[in-house]
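Working notes, structure below.
Read-outs throughout are calculated quantities, based only on the coordinates presented, and are distinct from any laboratory measurement. None of these values were measured; they are calculated from a predicted model. Note that each Cβ is placed from the backbone with ideal geometry, even for glycine, and that neighbours are counted across all protein chains shown.
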Amino acid sequence: MAFHSLTLSPQSIHSPPSLTCAAKHRIFFCSSSSSSSTTCFPSSENAVVRLSSSISRRRDCKVRSSLDMAGPTIGQVTEVNKDTFWPIVKAAADKTVVLDMYTQWCGPCKVIAPRFQELSQKYSDVVFLKLDCNQENKALAKELGIRVVPTFKILKDNKVVKEVTGAKIDDLVAAIETVRSG
């Protein structure tokens, strides 16, 4: 199980009532008890966070978010990284997953990004993800066999079944349709 941790002061726990964890999920505190543990839930079903430590005796506490609970939002493109990619793909189960592998400096990547977002709204039964192939995610990009950007990987049942290289929206739509119908 992968976890992100961050340190909070007692003041930040009580006001404001929400924060954003390292995985970019907005978290809201919902319940607490007199014990040293508080269970916290996000605004969407992306992560569950457990706050532990006695606030009255300590100046700070740790928040850990379980990425096993992470999931994409339908109709949107979800940014993933080396830690969140496989848990989200596994959570998608038998749904088609389309991954946009891009870099910040890539011109064609920037041109096709709005069209990729439109596709995520059109195909509500498909999970759309994007991965910045920067140094932090280099190992995952290598594992997925990226050679050029943009590259679109289409996965079904946790396996890559199609690939489209370059900013070719028509080829991408055809590949998505093929995998969805197959």
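Here are some notes:
- Whichever lysines have a C-alpha closer than 25 Å to that of LYS156, once near sequence neighbours (fewer than 8 apart) are set aside: LYS82, LYS90, LYS95, LYS122, LYS130, LYS138, LYS142, LYS168
- Evaluating 6.51 cos²θ - 1.76 cosθ + 1.60 at θ = phi - 60° for every residue in segment 82-94, the Karplus couplings come out as 4, 8, 9, 4, 5, x, 5, 4, 5, 5, 5, 6, 8 Hz, glycine and proline recorded as x.
- Tail fraction, Cα-Cα pairs, segment 77-181, threshold 23 Å, whole percent: 16 percent
- The residue list LEU129, TRP105, ALA93 was ranked by how far each Cα lies along the charge dipole of segment 77-181 toward its positive end, using unit charges on Cβ atoms, and TRP105 comes out on top.
- Three-way shape call for segment 132-182 based on the alpha-carbon gyration tensor, with the a/c threshold at 1.5: oblate
- Rounded, prolate or oblate (a/c below 1.5 giving rounded, otherwise prolate when a/b exceeds b/c) for segment 82-140 by Cα gyration tensor: oblate
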